[in-house]
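S.K.: Have a look at the structure that comes next, please.
The values are calculated or read from the model by the stated rules, or taken from the named source; none is laboratory data. This structure is a prediction, so every number in the text was calculated from the model and none was measured. No Cβ is skipped: glycine too gets one built from the backbone with ideal geometry, and neighbour counts run over all protein chains shown.
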Amino acid sequence: MQKITASEFSIQLLFDQMSDGRYFIHSPHVPGLRLAGFNLEALRADIEPAVKDLLFHNRNLNVESIRWVPSIDEVLEELERPEEKDNKQTYLVKLSGAA
């Protein structure tokens, strides 16, 4: 179990799947975060650096680490399930070491 520190805070990430099969990732807490594509693994590689860079450049926050709740693996697994699902999936991400 990871310890929550005083410098840890949460943001919300929204994962939408469009009618053409593309995924769209955005957040009301991270202005400018707009990622889209068909390949979840490629998007996965872009999420953390994009969030860190946007928070640094837009809010002067230096994020040292990101803790996913649920884990990024669980998020992607849920998104790839073929059964009926909501159009929008919401996940919380814990950021720590922000100054």
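S.K.: Mind listing whichever residues of the range 7-66 are part of a strand (DSSP E or B) and over 21 Å from E78 (Cα atoms)?
M.R.: Listed by number, the residues that qualify are F9, S65.
S.K.: Restricting attention to the range 30-39, report how many residues are at pLDDT below 95 and crowded, with 18+ Cβ neighbours inside 10 Å.
M.R.: Here the count works out to 1.
S.K.: Of all the residues that make up the range 45-66, how many are closer than 17 Å to L14 by Cα and at pLDDT 90 or above?
M.R.: The total comes to 10.
S.K.: Go through the range 67-81 and count every residue that is assigned to a helix (DSSP H, G or I) and surrounded by 13 or more Cβ atoms within 10 Å (Cβ to Cβ).
M.R.: 5
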